[in-house]
Amino acid sequence: MASGRIWIRGGRVLDPSTGRDEVADLLVEDGKIAAVGAGLAASGGEVLEAAGAWVVPGFIDLHVHLREPGQEYKEDIASGGRAAVAGGFSAVVCMANTQPANDDPSVTEYILDRARQESPARVYPVGAATRGLAGEVMTEMVALVDAGCVALSDDGKTIMDSGVMRRVFEYSQLARVAIITHAEDRTLVREGVVNEGPVSTRLGLPGNPSIAEVIHVARDLMLAELAGAHLHVAHVSTAGAVDLIRRARERGVHVTAEVTPHHLALTDEATLGYDTNTKMAPPLRSETDMRACRAGLADGTLDAIATDHAPHAVHEKDVEFTAAPPGVIGLETAVPVTLDLVRANELAPLEWVRRLSTNPARIIHRAGGSLAVGAAADIALVDPERRWIYDPAKGFSKSRNSPWAGREMIGCAIATLVGGVLVWDVERGVLLP
């Protein structure tokens with residue numbers, strides 16, 4: 001990507017890394033932020049008029065499934081990268097449950113090579129914690145990290161053997177990265193497909209009890225504390241898990257956590273129509289759980305918003321509820337869905353940006369989440385008031401499995417820059433590659 005000079009003028013600059021929240025101009029030069037301030041005199045280069053928009057560090061999604069290698073009919077690195085920048089994400093962290101799994105440096109190198117060639121967004125791979133995601137034999141963690149992995153996880157599957165999990169935490173310290181856990185006790189989940197409770201009874205479908213997440217989070221917190229390791233809890237969905245994470249952090253456990261837009265905005269009531277695009281893992285929970293997740297995000301217990309973008313083909317979702325794979329896409333809808341917390345005064349705009357950008361960068365120990373002079377020019381322009389109808393068939397993901405299809409959205413990313421290059425413009429579409 002070639003970068004030149006770009007002036008971003010008159011937007012509300014929101015930078016959690018410096019605490020800046022003011023209307024200002026921003027100069028991008030040679031891929032970096034060269035100046036920030038009011039009334040900069042533009043001379044030469046492209047001008048982006050940002051009046052009425054928020055100018056923020058490019059968002060970083062800690063949890064996506066790009067499906068490449070092995071399931072490119074659902075998504076690939078190119079289509080996922082385009083969906084990311086259209087949603088304001090300058091970087092995505094891709095999970096290891098590819099086919100083959102990213103349990104060997106050769107797979108990591110393949111992903112990074114494809115990303116350099118095909119993706120307008122930065123791609124940060126997550127390596128598998130165990131071989132083949134089988135939960136039995138640990139991977140060569142240091143080799144995976146040396147190849148470019150930013151964390152380790154068997155996400156999509158749960159490491160049920162506590163002895164294996166203890167060793168994973170212990171050895172992760174040699175690699176100096178977080179272990180991302182998919183916290184579901186499979187012996188409690190069994191065939192459950194929706195949240196266990198009144199809704200599952202009304203639907204006549206097997207329930208996935210909230211205690212399955214809570215018990216597993218408790219175990220992983222204790223093992224991480226024992227090992228002195230960094231635990232990152234993926235897609236928190238229950239009030240019990242939020243409370244455990246809050247109390248563990250108070251006693252000094254190195255734990256971070258994320259929550260998805262769908263767990264912040266929907267409850268299990270959304271499944272009453274048997275729409276398989278409301279089936280996910282963990283499932284949509286109760287109103288009490290959703291409110292606890294929103295409160296946990298607001299008070300900092302939950303550090304980040306991550307989409308868990310999980311594409312599936314139409315024919316895979318167009319089956320009975322119990323047979324459909326869990327998961328929804330979310331890169332292009334995360335901004336409007338989560339802006340609801342700002343509109344409800346549950347998150348200040350600066351804190352909303354922090355959880356989508358600055359905190360994710362900190363968790364994976366990568367640059368980003370900053371508009372400070374000298375920082376890489378990964379930037380998103382967000383119009384918080386723009387109204388539009390979401391049609392997944394017109395989006396950039398190869399898949400269509402969204403619970404938001406046909407809904408009016410408020411707010412969107414109108415431009416995204418990666419390394420000083422304009423890669424998304426709402427009027428012109430994705431510009432690179």
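List of remarks:
- Within the stretch 218-270, the set of residues being under 23 Å from Trp404 (Cβ atoms) and small (Gly, Ala, Ser) comprises Ala234, Ser237, Ala265, Ala270.
- Among the criteria (1) buried (at least 20 other Cβ atoms within 10 Å of the Cβ); (2) under 30 Å from Gly420 (Cα atoms), the one Tyr110 does not fulfil is (1).
- Restricting the stretch 378-412 to residues that are of a type outside the set (Lys, Arg) and within 19 Å of Val23 (Cβ to Cβ), the residue that is surrounded by the fewest Cβ atoms within 10 Å (Cβ to Cβ): Glu385
- Scanning the stretch 172-199 for residues that are more than 25 Å from the chain's Cα centre (by Cα) and free of Cβ contacts under 8 Å to residues at least 40 places away in the same chain yields Leu174, Thr187, Leu188, Arg190, Glu196, Pro198.
- Any hit, the stretch 383-397, residues being under 18 Å from the mean Cα position of the chain (by Cα) and among the hydrophobic types (A, V, I, L, M, F, W, C): yes
- Among the residues listed as Ser43, Ser17, the single one being outside the structural domain of Ile329 (by TED's automatic domain parsing), of a type in the set (Ser, Thr, Tyr) and over 30 Å from Cys149 (Cβ atoms): Ser43
- For the stretch 118-161, taking the residues that are of a type in the set (Val, Ile, Thr) and not in a helix (DSSP H, G or I), the one that is nearest to Ala96 (Cα to Cα) is identified as Val126.
- Candidates Thr333, Thr260, Thr338, Thr271, filtered to the one that is assigned by TED's automatic domain parsing to the domain that holds Ser200, within 30 Å of Ala227 (Cα to Cα) and surrounded by 21 or more Cβ atoms within 10 Å (Cβ to Cβ): Thr260
- Within the stretch 336-386, tally of residues that are assigned to a loop (DSSP other than H, G, I, E, B), of a type in the set (A, V, I, L, M) and closer than 21 Å to Gly420 by Cα: 6
- Counting only strands (runs of 3 or more DSSP E) that fall entirely inside the stretch 1-81 and contain at least 2 residues that are within 18 Å of the chain's Cα centre (by Cα), the qualifying elements are 54-57, 59-64.
- Residues that are surrounded by 20 or more Cβ atoms within 10 Å (Cβ to Cβ), in a loop (DSSP other than H, G, I, E, B) and not β-branched (Val, Ile, Thr), drawn from the stretch 282-302: Pro282, Pro283, Leu284, Arg285, Ser286, Leu302
- Filter result (buried (at least 19 other Cβ atoms within 10 Å of the Cβ) and in contact with a helix residue (DSSP H, G or I) (Cβ under 8 Å, 6 or more places away or on another chain)) within the stretch 16-54: Pro16, Trp54
- Close contacts from the stretch 134-159, counting a first residue that is free of Cβ contacts under 8 Å to residues at least 24 places away in the same chain and closer than 24 Å to Ala218 by Cβ and a second that is assigned to a loop (DSSP other than H, G, I, E, B) and of a type in the set (Asp, Glu), with Cβ to Cβ under 9 Å and a gap of 6+ residues or different chains, come to Ala134/Asp154.
- Positions within the stretch 419-428 being over 17 Å from Arg5 (Cβ atoms) and touching a residue at least 60 places away in the same chain (Cβ under 8 Å), in sequence order: Trp424
The values are calculated or read from the model by the stated rules, or taken from the named source; none is laboratory data. Note that the structure is a prediction, hence the values are computed from the model and not measured. Cβ atoms come from the backbone with ideal geometry, glycine included; neighbour counts cover every protein chain shown.
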